[in-house]
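The values are calculated or read from the model by the stated rules, or taken from the named source; none is laboratory data. Since the model is a prediction, treat every value here as computed from it, not as a measurement. Cβ atoms come from the backbone with ideal geometry, glycine included; neighbour counts cover every protein chain shown. Surface accessibility is based on the protein's heavy atoms, side chains included, excluding ligands, DNA and RNA. Shrake-Rupley method; radii C 1.70, N 1.55, O 1.52, S 1.80 Å.
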Amino acid sequence: MKRLLITGAAGGLGRTMRHRLAHMAEIIRLSDIAEIDAPGPNEEVMRCDLADADAVMRLVEGCDGIVHFGGVSLESPFQTILNGNIVGTYNLYEAARAHGCPRILFASSNHVVGFYPQDRHLTATDPMKPDSLYAVSKCFGEALASLYHDKFGQETAIVRIGSCFEKPTNRRMLATWFAADDFAALIERIFAVPRLGLPIIWGVSENAQMWWNNDAIGWLGWQPKDSSDRFRDAVEATPMPAPDDPTVRWQGGGFCAEPIYKDKTE
Ligand code: NAI
Ligand code: 15L
């Protein structure tokens, strides 16, 4: 690729991934509403609010691929989610449509199925059960990707990311943990395959405890290598929550118990 755009580049995943993906394009265009660390040799920075349609149109111009991490990543008041995730994702897809439909990785979330109990095993064809307004915005993003695929041929990898952090820190994350190197290897395959279409991919490592089945995307040629098991002893040494605690009851954990926030101070 000549130019790969990473939105949300100042965030946790953006900072983790930008160096891992540096080899994938001649130029990595980094964007965020927040300040981004200084660009490296093959990087360029374009600050942008995803809710600003004109700015997003300029942002996407000249890009051959998009890793869309940008937006609100936790439960928040509806207006905040509306701007960052719903208007923002719509603006991104409209800009992609205007600029030759560059392939998109949409950072969806495990929280689109958060209200399934932890003993349910799911495939991507199971109905969504979002656990928060945040998750509802990810359902919107997945539906938008489907619409633009069927109407305009826009290709998107919908990645329902589990928990992509340095290590799992609670029992739930033994099942949801996604190692950064496994994610980087997945992103390489998403942009390498000749035909992508619209796969729904569970973004999770090869954990012993597993709720989500990725058999349907074997054709992608991606196999996660890491596992949360090497952290199991440390996690299981922490106190066991009560059986009705949302963190051990629902796949979405604590998101299931979040209120509907009316403002940020609640
Ligand atoms: P993060 O919150 O650290 O990063 C998101 C970035 O988006 C931030 O730097 C923020 O400034 C930016 N942003 C927010 N609103 C914006 C706007 N209106 N315009 C432009 N930029 C805006 O989140 P993280 O952990 O890096 O996640 C990245 C993406 O992956 C998010 O979309 C999140 O929902 C998704 N995800 C992440 C998971 C994880 O385990 N880290 C799990 C599931 C989904
Ligand atoms: C998400 O969707 C969030 O963006 C991230 O911060 C984590 O909470 C993750 O899910 C998770 O479920 O661990």
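Could you give the angle, 0 to 90 degrees to the nearest 10, between helix 180-192's Cα long axis and the longest principal axis of the Cα atoms of the chain? Once rounded, one gets 40 degrees. For Gln79 and Met57, a Förster radius of 30 Å and the Cβ-Cβ distance give a FRET efficiency of 0.85, rounded to the nearest 0.05. In the elastic network of the chain, a GNM with C-alpha springs shorter than 10 Å, the most mobile of Ala179, Ala34, Ala242 is Ala242. Highest mobility in the GNM of the chain, judged by mean-square fluctuation with C-alpha springs under 10 Å and restricted to Pro39, Pro239, Pro224, is found for Pro239. Quarter the surface of the alpha carbon convex hull of the chain and you get the mean projected area, 13.9 square nanometres.
The angle separating the long axis of helix 133-152 from the principal Cα axis of greatest extent in the chain is about 40 degrees. Surface composition of the stretch 200-266: carbon and sulfur atoms hold 55% of the protein heavy-atom accessible area at a 1.4 Å probe. Take the stretch 3-257 with all the other protein chains still there, run a 1.4 Å probe, and you get 43 Å² of accessible area per residue.
Carbon-plus-sulfur fraction of the accessible area of the stretch 51-109, 1.4 Å probe, in percent? On the stretch 51-109, the fraction of accessible area on carbon and sulfur atoms equals 52 percent. Peptide packing for 128-134, 254-260, 151-157 was compared via the average number of neighbouring C-beta atoms within 10 Å per residue; ordered from the highest value, the list is 128-134, 151-157, 254-260. Taking each DSSP H run with n ≥ 4 as -39500 (n - 2.57) and averaging over every residue of the chain yields -8500 deg cm²/dmol at 222 nm. Compared with the alpha-carbon gap, the fully stretched path from Arg15 to Ala234 is longer by 76.2 nm at 0.36 nm per residue.
To make sure I understand the rule: partners must be aspartates and glutamates, Cα under 18 Å from the Cα of Lys262, and not fewer than 8 residues away in the same chain. Which ones qualify? Once the sequence-local aspartates and glutamates are set aside, what remains near Lys262 is Glu75, Asp131. Summary value for the chain: 18 percent relative contact order, contacts being C-alpha pairs under 8 angstrom separated by 6+ residues.
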